[in-house]
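Peer 1: Dropping a structure here in structure tokens format, bear with me for questions.
The values are calculated or read from the model by the stated rules, or taken from the named source; none is laboratory data. Predicted model, so just to flag it, every value in this text is computed and none were measured. In this analysis, Cβ positions are derived from the backbone assuming ideal geometry, glycine residues included, and neighbour counts consider all displayed protein chains.
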Amino acid sequence: MPLTLADCIQLDAHEPGQPSWAQAGDCFDPGTPGTLYFDANSIGPMPRTALVKMQTVLQQGWAQARRRSWNELDWLEQPRKLGAAIAHLIGADMADVRVTDTTSVNQYKLLRYALHISAPRRVIVLERHVFPSNRYVAEGIARDHLAELRFIDDVSDLTAALAPGDVAVVALSHVDYRSSTRLNMAEANRCIQAAGAMNLWDLSHSAGAVAIALRDCHADLAVGCGYKYLCGGPGAPAFIYVHPRWADAAWPAIAGWMGHADTFAFEVDYRPGSGTDRFLVGTPPVLANAAFSAAADLWREVDPVALDQRHCSLTDTLIQLFDEQCAAWPLRLTSPRNHAQRGGHVALQFEGASALAQALVDKGVIVSSRKPDALRWGVHPLTTTHQQLWTAVQVLRQLLESGSWQDPRFASPMV
Ligand SMILES: Cc1ncc(COP(=O)(O)O)c(C=O)c1O
């Protein structure tokens with residue numbers, strides 16, 4: 001029997017695990033009335049308290065206390081507090097996660113760190129079609145003669161890439177930013193570590209959407225965006241994870257005063273801070289951290305297993321609706337059908353993906369596209385409802401039926 005609107009409403013009413021998904025959703029601003037958001041893979045929804053948090057920092061911190069805020073408020077503590085608040089979502093201990101800098105910068109820091117630890121090995125293995133910034137960062141390191149790059153097309157090439165025994169670190173995306181294919185972290189890490197190399201994971205498209213078990217999967221290093229499913233706000237700082245067995249193993253690649261063992265001693269020489277603290281570099285972005293702290297307050301209460309189940313229910317429903325409502329059109333599911341192999345978004349292949357995405361946005365269904373033909377539906381487990389999925393797929397179906405997505409005004413590409 002095909003799913004009905006009534007089934008979707010029923011699915012929303014059934015809330016195993018978490019106290020109430022509706023209550024969790026109410027903690028976020030609903031956005032523009034009549035708009036349905038499927039772009040958590042790009043910028044997650046805004047917690048309502050973000051406004052007050054920002055206002056407090058501006059008024060009490062900047063306008064009034066000014067320099068004294070560093071002593072009187074918790075500005076310097078935020079990189080640790082935010083890291084601690086999200087640690088359980090990625091299966092890490094609180095002490096092993098910091099929120100700082102961007103994913104690209106953290107990727108640089110950890111690639112260099114891994115090269116240092118693994119010397120004289122100097123090969124970085126990475127996926128050829130990884131998110132471009134991750135590749136650029138590695139290319140820059142190689143250009144400085146600090147490493148050699150070895151590309152793989154697919155994780156199935158890993159064993160061959162590791163065979164020469166010269167690999168320092170393998171950098172993998174947990175979830176592919178186009179197809180949403182999720183790698184088996186435990187299996188990949190076994191293979192990497194058996195070859196004497198380190199692993200570095202980019203969790204940008206899984207953290208805050210699905211359960212991640214860094215510790216249990218023996219992950220060495222990880223990074224990920226704060227502004228996507230984690231709802232840290234536009235341009236929010238990223239997170240960085242270092243397994244405790246490595247945290248004190250070497251100097252950080254960028255030795256800054258915030259990572260010094262005694263920041264305000266202003267010593268002439270650098271001494272790395274203990275553990276993950278050494279990966280902090282400069283002054284924390286206080287305003288951005290204030291916005292992120294609104295989401296952190298919510299994440300502290302979220303059970304990652306329940307979150308994963310909710311995400312599974314939503315994205316399974318979305319796929320079923322695509323199958324049942326849109327079978328007449330050449331939309332092809334490129335994300336895996338099995339939730340355990342899927343990340344935060346659901347991707348469809350469609351020749352006119354860019355135009356169709358813009359037509360959907362025009363109708364208030366906010367999705368994104370990626371070249372050449374991927375249509376991405378970023379589902380946030382805390383705010384998306386099954387009923388919204390139903391409504392959005394009806395809009396998709398109407399656009400396909402009428403052909404109005406082919407209107408010339410949808411022809412120029414959008415970000
Ligand atoms: C998988 C992945 N890695 C890294 C980045 C870049 O992150 P940042 O802008 O924080 O450097 C993105 C941005 O979308 C991404 O999708």
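Peer 1: For the stretch 302-358, name all the residues that are of a type in the set (D, E, K, R) and within 20 Å of ASP373 (Cβ to Cβ).
Peer 2: If we filter the stretch 302-358 for residues that are of a type in the set (D, E, K, R), which is where we start, we get 303, 308, 310, 316, 323-324, 332, 337, 342, 351.
Hits for the stretch 302-358 are ASP323, ARG332, ARG337, ARG342, GLU351.
Peer 1: Here's a follow-up. Which is touching a His at 6+ places or on another chain (Cβ under 6 Å) and modelled with pLDDT of 95 or more, of ASP166, ASP220, ASP176?
Peer 2: Answer to the check: ASP220.
Peer 1: Inspect the stretch 81-101 for any residue being in a helix (DSSP H, G or I) and within 20 Å of TRP251 (Cα to Cα) and give the result as yes or no.
Peer 2: For the stretch 81-101, residues in a helix (DSSP H, G or I) and within 20 Å of TRP251 (Cα to Cα): present.
Peer 1: Sort through TYR241, TYR270 and tell me the only one that's within 17 Å of LEU89 (Cα to Cα) and of a type in the set (Ser, Thr, Tyr).
Peer 2: Checking each option against the conditions leaves just TYR241.
Peer 1: Right, here's the next one. Could you check, for the stretch 98-111, whether at least one of its residues is crowded, with 18+ Cβ neighbours inside 10 Å, at pLDDT 95 or above and away from the ligand (no atom under 15 Å from the Cβ)?
Peer 2: No, the conditions are met nowhere in the stretch 98-111.
Peer 1: Return a yes/no flag: does the stretch 46-61 have any residue that is among the hydrophobic types (A, V, I, L, M, F, W, C), within 16 Å of the ligand (Cβ to nearest atom), under 21 Å from the mean Cα position of the chain (by Cα) and surrounded by 14 or more Cβ atoms within 10 Å (Cβ to Cβ).
Peer 2: no
Peer 1: Looking only at the stretch 206-260, filter to residues that are among the acidic types (Asp, Glu) and closer than 18 Å to TYR113 by Cα; which one of those is surrounded by the most Cβ atoms within 10 Å (Cβ to Cβ)?
Peer 2: For the stretch 206-260, the residue satisfying everything is ASP220.
Peer 1: For the stretch 128-247, list the strands (runs of 3 or more DSSP E) that sit wholly inside it and hold at least 3 residues that are more than 30 Å from LEU51 (Cβ to Cβ) and either more than 16 Å from the ligand (Cβ to nearest atom) or touching a residue at least 40 places away in the same chain (Cβ under 8 Å) (or both); which are they?
Peer 2: Fully inside the stretch 128-247 and qualifying: 148-152, 167-173, 198-202.
Peer 1: Scan the stretch 258-278 and report the pairs whose first residue is within 20 Å of ASN71 (Cα to Cα) and free of Cβ contacts under 8 Å to residues at least 40 places away in the same chain and whose second residue is among the charged types (D, E, K, R) and surrounded by 17 or more Cβ atoms within 10 Å (Cβ to Cβ), with Cβ atoms within less than 7 Å and a gap of 6+ or a chain change.
Peer 2: Hits for this filter: GLY259/ASP277; GLY259/ARG278.
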